[in-house]
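Colleague: Before anything else, here's the structure in question.
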Amino acid sequence: MADQHRGADTDPACTDALPLAARGGPVSHALSRVARLHRFTAGKLLKAAGLYPGQEFVMMYLWDHGPVRQSELIRVMELDPSTVTKMLQRLEQAGQVRRSPDPADRRAVLVEASETSCGLLKEVGAAWRELEERTLAGLRPEERAELARLLGLVEGNLCREASADCPAAAEGGAPEEGCPTAGR
């Protein structure tokens, strides 16, 4: 019945219609729609690099922090342990990560980005630059800066709500030059 009012060929993800239940939260509804579309677009771009959505965040963390315990990845990614394990299995099979026993505690597993992942770092960086351009197309530099500022405030609000020890998200990847895993 709702489709009669919208038109059969309209994608519900791209409509401005606000559901009755969301009328008390139009900004939250818009953020939810934008986040879903952003993630979908990121997934398409990352597929060319052979990554599933979410795996790039694991790789970004490893490139920036070096070898870490698998338990730390689970904590930082805020995902179910089985989900992180599956991600790591796929990344390991693709030759992007190595897992080994932690010499300090043989019960723990260390995860590190492989030398092979240096090429992936460039592909992920390119995908995120393209995603940024697609996301912000048509916005002037000052509008882009204002959007980033406002989203930072929104993130801070939600971060405080999510956890008392929620760190301020310091986005930004590894330096363009070289691969941080090289020489480790």
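Colleague: If a residue must be open to solvent by less than 20 Å² (accessible area, probe 1.4 Å) and either at pLDDT 95 or above or on the phi > 0 side of the Ramachandran plot (or both), how many such residues does segment 85-116 contain?
Modeller: Number satisfying all stated conditions: 6.
Colleague: Given the criteria open to solvent by 60 Å² or more (accessible area, probe 1.4 Å) and either at pLDDT below 90 or among the β-branched types (V, I, T) (or both), does D16 qualify? Talk me through it step by step, then tell me what you get.
Modeller: Numbers: open to solvent by 60 Å² or more (accessible area, probe 1.4 Å): yes; either at pLDDT below 90 or among the β-branched types (V, I, T) (or both): yes.
So D16 fits the description; yes.
Colleague: L91: of a type outside the set (D, E, K, R) and part of a strand (DSSP E or B), yes or no?
Modeller: no
Colleague: Now for a separate question. For segment 39-55, which residues satisfy the criterion of being open to solvent by 60 Å² or more (accessible area, probe 1.4 Å), within 15 Å of R129 (Cβ to Cβ) and not charged (D, E, K, R)?
Modeller: Within segment 39-55, A48 is the sole residue that qualifies.
Colleague: Scan segment 23-37 residue by residue and report those that are assigned to a helix (DSSP H, G or I) and without any contact (Cβ under 8 Å) to a residue 24 or more places away in the chain.
Modeller: Hits for segment 23-37 are P26, V27, S28, H29, A30, S32, R33, V34, A35, R36.
Colleague: Same structure, new question: If we keep just the residues of segment 22-38 that are among the charged types (D, E, K, R) and under 18 Å from V154 (Cα atoms), which is most open to solvent (accessible area, probe 1.4 Å)?
Modeller: Among residues in segment 22-38 that are among the charged types (D, E, K, R) and under 18 Å from V154 (Cα atoms), the one most open to solvent (accessible area, probe 1.4 Å) is R36.
Colleague: Next question, about the same structure. May I ask you to list the residues in segment 60-69 that are in a loop (DSSP other than H, G, I, E, B) and open to solvent by 10 Å² or more (accessible area, probe 1.4 Å)?
Modeller: Result: P67, single match.
One line per residue, one yes/no per condition, for (1) touching a residue at least 24 places away in the same chain (Cβ under 8 Å); (2) in a loop (DSSP other than H, G, I, E, B); (3) in contact with a helix residue (DSSP H, G or I) (Cβ under 8 Å, 6 or more places away or on another chain):
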{"residue": "V58", "(1), (2), (3)": "yes, no, yes"}
{"residue": "S71", "(1), (2), (3)": "yes, no, no"}
{"residue": "M87", "(1), (2), (3)": "yes, no, yes"}
{"residue": "R98", "(1), (2), (3)": "no, no, yes"}
{"residue": "L120", "(1), (2), (3)": "yes, no, yes"}
{"residue": "A127", "(1), (2), (3)": "yes, no, yes"}
{"residue": "E132", "(1), (2), (3)": "no, no, no"}
{"residue": "A145", "(1), (2), (3)": "no, no, no"}
{"residue": "V154", "(1), (2), (3)": "yes, no, yes"}
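The values are calculated or read from the model by the stated rules, or taken from the named source; none is laboratory data. The structure presented is a predicted model; accordingly, all values stated were derived computationally and were not measured. Neighbour counts are summed over all protein chains in view; Cβ atoms, including those assigned to glycine, are modelled from backbone coordinates with ideal geometry. Protein only, heavy atoms only, side chains kept; ligands, DNA and RNA dropped before computing areas. Shrake-Rupley method; radii C 1.70, N 1.55, O 1.52, S 1.80 Å.
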